[in-house]
Structures are given as C-alpha cells and as structure tokens.
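Read through the structure below, which is laid out as structure tokens, and then see the notes.
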Amino acid sequence: MLELQNIGKQFDQKVVLENIDLTINNGEIVSLLGPSGSGKTTLLNIILGLTKMDQGKVIFNNNDLSNVAMKNRGFNIVFQDYALFPHLNAYDNIVYGLRNKKDIATDAEVKEYIDFLELTPHLKKKIGELSGGQKQRVALARTLVTKPDVLLLDEPLSALDGVIKESIKERIKSIAKEFNLTTIIVTHDPEEALTISDKILIINQGNISQFGTPFEIMNQPKNDFVKNFILRQLHIKRQNIYNLFGEKYA
Ligand code: ADP
Ligand code: MG
C-alpha cells in the first residue's frame, strides 16, 4: 500500500500542492488528472523522490520513505519526454539501468518484457529510427526491467495518437494487471483517466478535488470543478464511454 500523507509543496513561495492525502492499494492503476499546471508532475516527482516535499510523508508498505533517497525507494518512472539515450540502440537503452546491478531482472525476465512489448524486431535500432509508439515501449521496458515496486508514468499517451495510443494504453493496463504492479499515471485527458484507471485523483490548483473510481466520478461528481473539467470538457470517444458506463453518458 502506498500512502501519501498531508503532502505540501511550494515553489518560489507559490503553493503548488496542499494537503495531499492518498492511499493506493498494491496493483492498482491510479491516474493523477488535472489541467496543465495543477501540480501533477510535481506530485509524481515527490513520490519518486526526485523533488523534495516541504511537508508530509510518503509511506510504502508501512515503510516511511519520506527521507529515503530516490535510488533506494524502489520506484521508477517513465518521463514525459521518455529521456532515452539517442546514441544507444533500443536494447542498450532497455538494459541501461541494469549495468551495475545484475540482480534486478534476469536475462530471461528482460526477454519476457521485450517480448511482452513486442520490441524484438527493433532492438538494434537507434532511438532516432523508432516511431513514437516504439520509443514509448522502449522507455516502458527500460523502466520495467528495474522491477519497480511502483511504476510512475508522466503523460505516457500524450505524444501518441489514434490506434497507437489505444494500443499503448491497453499494454500499460495489462502490464499493471499481469505483474500486479502499482501504477500511477499523470494525465490531463479525462478520457484517458476514465478508461485506464481503477481510481482517479482529480487535482485542481494543487488541491484534491475528488478521489474515486471512474464510475464514482462520472456518477457522483463532488463539485463544479469535477463536473466542468470531467463531464463538460470531455472530448470523449463515445464508444469508450458507452462501453464503460452505458448509454446514459455516451
Ligand atoms: P502539471 O504537471 O500538472 O502540469 P507541474 O507539477 O509541472 O504541473 O507544475 C505545477 C506548478 O508548479 C506550475 O505552476 C509550475 O510552473 C510550477 N513548477 C513546477 N516545477 C517547478 C520548478 N522546478 N520551479 C518552479 N516552479 C515550478
Ligand atoms: Mg506535468
């Protein structure tokens, strides 16, 4: 279980996050959903240990990680721009995090992730030779081989479109379920959040607007922000919503 307790953060005396309390069960997919500038990436980086919080606690399976360095937390992230190494081929990117730590994923496990993400035909390619969806899969593989306890994804779908976006979305879902991997996904897109998550945390200007299942958010929006941001501004593919919630919302 991942618990965030009363997390607060300011940048240059501006409050960016306030009183963030959140509990995520192991194996759950949770989206952090909110408009640009609402504090989503900052919260993700605080969980990772990359950004220092001003107050609050990050607790994982009853261990207080608040003062534990990023490399010792056991979490890993796929950054929004993937941050792949352009001078290395796909395979060398994937195993980069294992170079000094042979005990993380075995060769067989690395192969399993590569197969799972259908990257075998692309392993020798340089990053510049890969499509957007292939780059995203390489970035995912590179993070997964470090066998994180919590997988953090910053806007993993926003650079992709159409069919590729759907296919990466389905893969992220099946990875989380197959490996029972707690997964936290930052997105500004209500449709993505509603269709990928077990639960959604809606953030507005650094504050929690609502936390609940997609069904709860659709059926019991807690306030006007949720109603406007989620329900009215939703640029939804009608079929996706129909599949999830029935024709009332389609
Ligand atoms: P989101 O990911 O929801 O778009 P961010 O967490 O990136 O939002 O940013 C939240 C707010 O914090 C924004 O106003 C942003 O300008 C500010 N911010 C983020 N990182 C820094 C930083 N390193 N220094 C100063 N301000 C920052
Ligand atoms: Mg962001």
Can Phe60 be described as modelled with pLDDT of 95 or more and either in the same structural domain as Leu160 (by TED's automatic domain parsing) or within 30 Å of Leu201 (Cβ to Cβ) (or both)? yes
What number of residues within segment 157-173 are among the β-branched types (Val, Ile, Thr) and open to solvent by less than 30 Å² (accessible area, probe 1.4 Å)? 2
Name the pairs: first residue in segment 12-33 and loosely packed, with under 13 Cβ neighbours inside 10 Å, second residue in a loop (DSSP other than H, G, I, E, B) and modelled with pLDDT of 95 or more, Cβ to Cβ under 7 Å, at least 6 apart or on different chains? Asn25/Met1
State all residues of segment 160-184 that are within 14 Å of the chain's Cα centre (by Cα) and among the aliphatic types (A, V, I, L, M); if no residue qualifies, say none. Ile168, Ile172, Ile175, Ala176, Leu181, Ile184
Failed item, numbered, when Asp54 is tested on (1) within 13 Å of ligand 2 (Cβ to nearest atom); (2) surrounded by fewer than 16 Cβ atoms within 10 Å (Cβ to Cβ): (1)
The one condition Asn26 fails out of (1) part of a strand (DSSP E or B); (2) away from ligand 1 (no atom under 16 Å from the Cβ) is (1)
Have a look at Gln10, Gln80 and point out the one that is touching a strand residue (DSSP E or B) at 6+ places or on another chain (Cβ under 9 Å) and away from ligand 2 (no atom under 16 Å from the Cβ). Gln10
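Quick grid of which residues meet (1) among the hydroxyl-bearing types (Ser, Thr, Tyr); (2) open to solvent by 50 Å² or more (accessible area, probe 1.4 Å):
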{"site": "Thr120", "(1), (2)": "yes, yes"}
{"site": "Lys126", "(1), (2)": "no, yes"}
{"site": "Lys135", "(1), (2)": "no, yes"}
{"site": "Leu140", "(1), (2)": "no, no"}
{"site": "Thr146", "(1), (2)": "yes, no"}
{"site": "Val150", "(1), (2)": "no, no"}
{"site": "Glu155", "(1), (2)": "no, no"}
Return the pair list, or none, for Cβ contacts closer than 6 Å from residues in segment 72-93 that are at positive phi and in contact (Cβ under 8 Å) with a residue 12 or more places away in the chain to residues that are in a helix (DSSP H, G or I) and open to solvent by 40 Å² or more (accessible area, probe 1.4 Å), at least 6 apart or on different chains. Tyr82/Lys135
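Yes or no, residue by residue, for (1) at pLDDT 95 or above; (2) touching a Lys or Arg at 6+ places or on another chain (Cβ under 7 Å); (3) not charged (D, E, K, R):
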{"residue": "Gly97", "(1), (2), (3)": "no, yes, yes"}
{"residue": "Leu117", "(1), (2), (3)": "no, yes, yes"}
{"residue": "Lys124", "(1), (2), (3)": "yes, no, no"}
{"residue": "Val138", "(1), (2), (3)": "yes, no, yes"}
{"residue": "Thr146", "(1), (2), (3)": "no, no, yes"}
If the Cβ limit is 7 Å and pairs must be 6+ apart or interchain, which residue in segment 36-60 that is assigned to a loop (DSSP other than H, G, I, E, B) pairs with which residue that is among the β-branched types (Val, Ile, Thr) and more than 13 Å from ligand 1 (Cβ to nearest atom)? Gly49/Val68
Only helices (runs of 4 or more DSSP H) wholly contained in segment 165-250 count here; list those with 1 or more residues that are closer than 30 Å to Gln134 by Cβ and at pLDDT below 90. 190-196, 238-245
Can you find a residue in segment 62-71 that is open to solvent by less than 30 Å² (accessible area, probe 1.4 Å) and away from ligand 2 (no atom under 16 Å from the Cβ)? yes
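The values are calculated or read from the model by the stated rules, or taken from the named source; none is laboratory data. Being a predicted model, the structure only gives us computed values, none of them experimental. Methodologically, a virtual Cβ is constructed for each residue, glycine included, from the backbone with ideal geometry; neighbour enumeration extends over all protein chains shown. Heavy atoms of the whole protein, side chains included, go into the accessibility calculation; ligands, DNA and RNA do not. Shrake-Rupley method; radii C 1.70, N 1.55, O 1.52, S 1.80 Å.
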